[in-house]
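**Student:** Supplied in structure tokens, the structure appears directly below.
Read the figures in this text as sums done on the coordinates, not as results from a lab. Because the structure is a prediction, the values reported are computed rather than measured. Backbone-built Cβ (ideal geometry, glycine too); neighbour counts: all protein chains shown.
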Amino acid sequence: MNSPRPIPAAALNWDRDIAYMKARLDDPDTTGLMGELAALRGTAGYTHVSDEMFATVGVTMFGAGVISVMGALTMMCTTLLLNPDVRDRLAADSGLVPAAIDELLRVNLSIADGLPRIALDDVRLGDVTVARGDLVLVLVEAANHDPARYEDPHTIRLDRPDAGTHLSFGGGAHYCPATALGKKHAETALRVLLDRMPRLDLAVPVEQLVWRTGFMKRIPERLPVRW
């Protein structure tokens, strides 16, 4: 949805994924999230929910889990490669990894562009008035680097007293329901990576990294490393 031009394969992939999840709803052997959604069909309070809507939940949760974790881990690794002092501290003391996850998410979120939102009412933000119906691009990284909220915001600090207050997982009614799972995935991955390859380093100058375009996540196309 953030692409400057239509992506022909997007609709095809979406239709294919929806068809796959709808088939899971009809499979009596389906367990997990799709099994629970299948059990809700036709029950009180859910008679208005179509199979396509249930399938959309499945596709959205699967896509968010896979792509978000992939993007976050890629940017975490990139940040550590560019900050070897932080990498060395984490390799020497794995107990710092949980705190590092929040700080790495704060300083280098993998969202590629501002999140598009439509104002439902007139809103005053500082000295700017956003009128009802206006398109607003919300840049989460700007909030995560707000110097009024975070002292020396561009520095990675593993001992921040306000760690975990970033908006990388959203907020309010839109707070990611899989936050704990996503953090645990990242924590496990970094622990194993730094245990097995504590001297992991970037194999090319940072200027040679090629960044992916037309994608919902900000990540390098390739991340050449040595160890």
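**Student:** Suppose every K and R has +1 on its Cβ and every D and E has -1 on its Cβ; what is the size of the dipole of the range 92-227 about the Cα centre, in Debye to the nearest 20?
**Tutor:** Values: 17 positive and 19 negative charges, 117 e Å.
Here the range 92-227 has a charge dipole of around 560 debye.
**Student:** Highest mean first, what order results for 165-171, 175-181 on Cβ atoms within 10 Å? Kindly include the intermediate steps, with their values, before the conclusion.
**Tutor:** Details: 165-171: 17.7, 175-181: 12.4.
Those peptides, ordered most packed to least, come out 165-171, 175-181.
**Student:** If you don't mind, there's one more thing I want to ask. R0 = 30 Å: FRET efficiency of residue 180 with residue 40, Cβ-based, nearest 0.05? It would help to have the intermediate numbers written out before the result.
**Tutor:** Numbers: r = 23 Å, r/R0 = 0.78.
With R0 = 30 Å, the Cβ-Cβ based efficiency is 0.80.
**Student:** Counting other Cβ atoms within 10 Å, keep those with at most 15, restrict to DSSP loop, and tell me which trypsin sites (Lys or Arg not before Pro) in the range 168-227 are left.
**Tutor:** On the way: sites: 183, 184, 191, 196, 199, 212, 217, 218, 222, 226; in loops: 199, 212, 218, 222.
Passing both the DSSP loop test and the Cβ count: 199, 212, 222.
**Student:** How far apart, in nanometres, would the label points at residue 123 and residue 143 be if each is projected 7 angstrom from Cα along the Cα-to-Cβ direction?
**Tutor:** With each label placed 7 Å out from Cα toward Cβ, I get 0.9 nm.
**Student:** Suppose every Lys and Arg Cβ carries +1 and every Asp and Glu Cβ carries -1, with no other charges. What dipole size does the chain come out with about its Cα centre, to the nearest 20 debye?
**Tutor:** Numbers: 24 positive and 29 negative charges, 88 e Å.
In total the dipole reaches around 420 debye.
**Student:** Quick one: plug the Kirkwood hydrodynamic radius of the range 105-199 (C-alpha pairs) into Stokes-Einstein at 10 °C, 1.306 mPa s, and report D in µm²/s.
**Tutor:** On the way: Rh = 15.8 Å.
After rounding, the answer is 100 µm²/s.
**Student:** What order, most packed first, do the peptides 58-68, 96-106 have when packing is the mean number of other Cβ atoms within 10 Å of each residue? It would help to have the intermediate numbers written out before the result.
**Tutor:** Working: 58-68: 15.6, 96-106: 21.3.
Going from most to least packed, we get 96-106, 58-68.
**Student:** Based on DSSP H runs of at least 4 residues, each adding -39500 (n - 2.57), what is the mean residue ellipticity at 222 nm of the chain after dividing by all its residues, to the nearest 500 deg cm²/dmol? All intermediate terms of the calculation are to be shown ahead of the outcome.
**Tutor:** On the way: 7 runs with 103 residues, N = 227.
Only helices count here, giving -15000 deg cm²/dmol.
**Student:** What are the radius of gyration and Dmax of the chain, computed over its Cα atoms and given in Å?
**Tutor:** 20.4, 59
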